[in-house]
Amino acid sequence: RTQAEMAHTCRGTINLSTAHIDTEDSCNIVLSNGGRTYHLKANSEVERQRWVTALELAKAKAIRMRNNQSDDSGDEEPASQSDKSELHGTLKTLSSKLEDLSTCNDLIAKHGAALQRSLSELENLKLPAESGEKIKAVNERATLFRITSNAMINACRDFLDLAETHSRKWQRALQYEREQRIRLEETIEQLAKQHNSLERACRGAPGTTGIASTAKGSVQSAKGEASDEDEETEYFDAMEDAPAFITVTADPKHHRRSGSNLSGASEGHPEDWNLEDSVFESSNQSSYNESTCKDLLPKKRRRTRIPDKPNYSLNLWSIMKNCIGKELSKIPMPVNFNEPLSMLQRLTEDLEYHELLDKAVKCESSTEQMCFVAAFSVSSYSTTVHRTAKPFNPLLGETYELDRLEEFGFRSLCEQVSHHPPAAAHHVYSRRGWTLWQEITIASKFRGKYLSIMPLGAIHLEFHSSGNHYVWRKVTSTVHNIIVGKLWIDQSGEIEIVNHKSKDKCQLKFTPYSYFSRDVPRKVTGVVSDADGKAHYVMSGTWDEKMECSKIVQSTHGSTSTEGKQKTVYQTLAPKVLWKKYPLPENAENMYFFSDLALTLNEPEERVAPTDSRLRPDQRLMESGRWDEANVEKQRLEEKQRAVRRRREAEAVEALEEGKDYEGYIPLWFERKVDAVTGELICVYKGGYWEAKEKQDWSTCPDIF
């Protein structure tokens, strides 16, 4: 199928060109693509092998079709109108030169014929034998000269015919580009009018809530399978969503337990809030105090600033008009749209508030621990609120390590394990009692008005002492005002965090921003419940500022809403702050709005692997403010990667034609396994990196820079 056909396939379709094909045993086949995994079973080993061969051949064909289409669309920007005008001028010049050549040919033929007649007359004269031979040789050369000149003129005429044939194709392409430009101009004008009318409506009626539009956030399913409709989902400004529950703060001194005579009522001891949850008490200290305490610890001195971002102008539409509908990872972007960090480093930024997990280790109650895990899952979005620049797409085989074992007790490793689709594997070990791992595939679409970024894949967190194993997935990030206005980022969707040991759950909802909502922007709400569905804690806050936790002392079913849904009323104790965002460093607006941790991520370090993102030359040049050189270096690295990919695809086709197995790219520090909890095929850390670093033996690392 073509890419256009693939965009309209039914649910359950999988794109073979980017799929991983593996075998579990003699009869089972595992087919995975991003967050979607299929398990196929054959009747026998022979039949399984026939299926694997057929799937590999189909995958090779799909890859060739994709490359042909990408070659047609091209990574290069189409010729501009001035270039096409120059081509027409060149054709006219060629035509006039051909007429000159035809005139010269006629003169050559005329004078050549006269020369041959003169030579023939000389040949007939009675001259010595030696002179006759010379005249004959001259006559033959004149004939050859005339034949050669005629051939040259014919070749020039064929060339002009070919150029005129291609000229018609160029004219059609030029006409298509003109039509596209007109449509884009009309779209921009329409969007600008809509933008202005919305601003006027907002200023004129700030309290208006009667807009009859509905929220259509891109919410992933509980199992994380990406819906085919997600790519076409439109985002609208919505009315204020009615909350699924209502919280009422109870006074612990006057709260009295009553019989549970209400339907679905559940109660708790208010005094437990002070006795059981000692960890909450310690977490109620401000994050500023935590950062101060951390400064008292002996640690390596890290940098606190980077060179200011240069103020380079860029023609946005010369690039964006060719990007509509394309996969973001396949669009050649200059570094002007980037920030000097790779996606692997952005993934590592999720650990900025790692101390939440250190506190979660100390929790005796699994529901209490779930509150800290939920706060940690929200904290990873706090750095995105001002970060509208795009991180560098990692090269295949690129790695990034963050060794903070002595300072904070953890060490982290990321590796880019796939290029199309782009996928990164991440593993973090903490000597303070937890391990985190994930494989994230980024699906992104530019739709003209906005850019949607959908991270696919599960995040796993396991605590060593209790064995509690938490799994959750990320929500959709949307970059608004791509065409008109100031860029801003929103997070929308739902996160379901599941403890697969105790079966506790936490449902978090990220409310999409709306002009007409009276809610606080970037709001996050959720409820922590146990395996029986009994609610224990209410989570509330914003993903860019803080998260609070309130213990539920009683829950009752309230009145039924107009939509027919019954709301739950939770009586809670006073909320306690679990997480609060660190303030940005001074002059952050000129340093890409980097946090204190982000400023240190690209700091040069010794003894890292030769594939580490810190050693990427285009990223380093951009950080230094040398953007023109960075663009040249970026193109060189991308072309080098394309050459390696073409060679690998040729080897795959050759192996299939010979009936041999071809494994394709094999990650260096990670290996693919079927996860026992989710049943998905994911990349997990297989070990060896830190040992190689200790020995400084990087002989297995590829040359990617």
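The values are calculated or read from the model by the stated rules, or taken from the named source; none is laboratory data. Please read all numbers here as calculations on a predicted model, not as lab measurements. Cβ atoms come from the backbone with ideal geometry, glycine included; neighbour counts cover every protein chain shown. In case anyone asks, the SASA skips ligands and DNA or RNA and just uses the protein heavy atoms, side chains included. Shrake-Rupley method; radii C 1.70, N 1.55, O 1.52, S 1.80 Å.
In the structure displayed, which of Lys673/Lys693; Lys390/Lys695; Lys362/Lys509; Lys546/Lys567 lie more than 29 Å apart, Cα to Cα? Write out the running numbers ahead of the final one.
Working: Lys673/Lys693 25 Å; Lys390/Lys695 35 Å; Lys362/Lys509 27 Å; Lys546/Lys567 25 Å.
Table pairs above 29 Å Cα-Cα are Lys390/Lys695.
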- Output for region 595-699: trypsin sites (Lys or Arg not before Pro) sitting in coil per DSSP, at most 14 other Cβ within 10 Å, listed by number, reads Arg607, Lys660, Lys686
- Item | Computed Kirkwood radius, in angstrom, where 1/r is averaged over Cα pairs of region 16-65 | 11.1 Å
- Distance-filtered residues of region 641-667 - backbone nitrogen under 17 Å, label point 7 angstrom along Glu45 Cα→Cβ: 661
- Rg/Rh of region 501-556 (Cα atoms, Kirkwood Rh), to two decimals, equals 1.05
- Given a 1.4 Å probe and every protein chain left where it sits, what share in percent of the accessible area of region 597-677 is carbon and sulfur? 50 percent
- Query: Where the only charges are on Cβ atoms (+1 Lys, Arg; -1 Asp, Glu), what is the dipole of region 304-602 about its Cα centre, to the nearest 20 debye?
  - Reply: 940 debye
- Carbon/sulfur accessible area of region 16-65, % of total, 1.4 Å probe, equals 53 percent
- Note on the structure: Percent of all Cα-Cα pairs per 5 Å bin for region 304-602, counting from 0 up to the last occupied bin, reads 1, 5, 10, 15, 17, 17, 14, 9, 6, 4, 2, 0
- Relative contact order computed over region 548-705 (Cα-Cα under 8 Å; 6+ residues apart), in percent: 16 percent
- Item | Given charges at beta-carbon only (K, R positive; D, E negative), |dipole| of region 16-65 in Debye | 320 debye
- Message: At a threshold of 8 angstrom on Cα-Cα distance, excluding pairs fewer than six apart, so keeping six or more, what relative contact order does region 448-518 reach in percent?
- Response: 27 percent
- Of the candidates Ile483, Gly457, Pro421, the farthest towards the positive dipole end of region 397-491 (Lys/Arg Cβ +1, Asp/Glu Cβ -1, centred on the Cα centre) is Ile483
- If R0 = 56 Å, then Ala655 and Lys503, at their Cβ-Cβ distance, give a FRET efficiency to the nearest 0.05 of 0.75
- Item | Additional length obtainable on full extension of the chain from Trp690 to Leu198, 0.36 nm per residue less Cα span | 171.6 nm
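Set the Förster distance to 25 Å, then compute FRET efficiency between Arg646 and Cys701 from the Cβ-Cβ distance, nearest 0.05.
0.70
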- Alpha-carbon gyration tensor eigenvalues x 5, square-rooted, for region 549-642, Å: 51, 20, 15
- Roughly how many Å² is the accessible area per residue of region 304-602, as a whole number, for a 1.4 Å probe? 35 Å²
- Task: With just the Cα atoms of region 546-703, tell me how far they stretch along each of the three principal axes, in Å, largest first.
- Result: 68, 52, 39
